[in-house]
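The values are calculated or read from the model by the stated rules, or taken from the named source; none is laboratory data. Just so you know, these numbers come straight off a predicted model, no measurement behind them. Reconstructed Cβ throughout: ideal geometry from the backbone, glycine too, with neighbour counts over all protein chains shown.
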Amino acid sequence: MALPIVYREIIDYLYFMNLRDLQYIIAVANFGHFGRAAQACHISQPTLSGQILKLEDELGVRIFERVGKSVCTTAAGEEILVHARRAVAASEDLLRCARASRDPMAGALRLGVIPTLGPYLMPFVLPRARRQLPATPLMLVEDFTDRLIEPVLSGKLDAAIIASDPEKPVLTSELLFEEPFFLIVPRDHALAERESVAAGEIDPQSLLLLADGHCLRDQAIELCRQAQPDDSLADMRATSLPTLLHMAAAGYGITLMPALALLDKHSLPHSLIAKPLTGPHTARSVRLVSRSSNPRRKAIDALAKLIKTSLPPEIPQLSA
């Protein structure tokens, strides 16, 4: 049977250079430092530098520019690194594919999750996953969306749970559920007596936001800009959802919360009340993204189904 083109490509690659050398240049590019890269690769710095110099001589181009202790990637090096990462990821896929052919459900599944979902979704998912997928333990990495996409692309993560469109055609994206937003206001606020609040009624200048890097911040800004495009936003920023609630409780403003973060009755301070929102952009789409070529596809699909059936009744569910 013919090998898929991506696997033939890696085999052709390895005829000409050592896979280990590709791992070395990737490490140097990631760390921007020869010493730290050598430490991560468990070799001495002279050995690492010598191997990279040898590779550069074989290719006839400089991959890195060395300025004192700093390391910069050359234009040619950037192109080489794209192929090197693909080659290393494909070689790892070969090993995973061999293991998966024996049992695709066996072995840990490396899963990324964003911080505004991890603490609130995973308590529903993890116990059930341990019972229903005993041969597939979940290894979690919590980080911002932008920092999860590249590890999924490179094969360091098998999948990631995010709440925005990854905009990467090589990734498979499965919609898990739609999570509505709630407006959090003090009990003496003018909107506190309302059954629901239209997005256009939110005062952008009083809206507390998460810090840069959180997709929920971008979604809150989009909601306000769609409703009131000419109004400026407040510049109060927090690093987590609980901090936003503490700031709102202290009288610094109002904020938005995704539904899962409000399921614990103790999560909302007594001085605050949550109001449903109406209008466009008042919910976020939670997705499971992975590479279509990932050999653990059966395990990833099983996880997606498990997540959908693990949701509490307060969250709208899709058919499993």
For this session: Just give me the residues in the stretch 134-147 being of a type in the set (A, V, I, L, M) and modelled with pLDDT under 95, in sequence order.
Result: Ala135
For this session: Considering only residues that are among the hydrophobic types (A, V, I, L, M, F, W, C) and modelled with pLDDT under 95, look in the stretch 158-174 and name the one that is farthest from the chain's Cα centre (by Cα).
Result: Val170
Seminar exercise, completed: All-but-one check, Val152 against (1) within 20 Å of Pro258 (Cβ to Cβ); (2) hydrophobic (A, V, I, L, M, F, W, C); (3) crowded, with 18+ Cβ neighbours inside 10 Å, failing number (1)
Exercise. For the stretch 203-228, what are the residues that are at pLDDT 80 or above, under 13 Å from Phe181 (Cβ atoms) and assigned to a helix (DSSP H, G or I)?
Worked result: Gln219
For this session: Any residue in the stretch 141-161 that's part of a loop (DSSP other than H, G, I, E, B): show its pairings with residues that are among the hydroxyl-bearing types (Ser, Thr, Tyr) at Cβ separation under 8 Å, as long as the two are six or more apart or on different chains.
Result: Asp158/Ser290
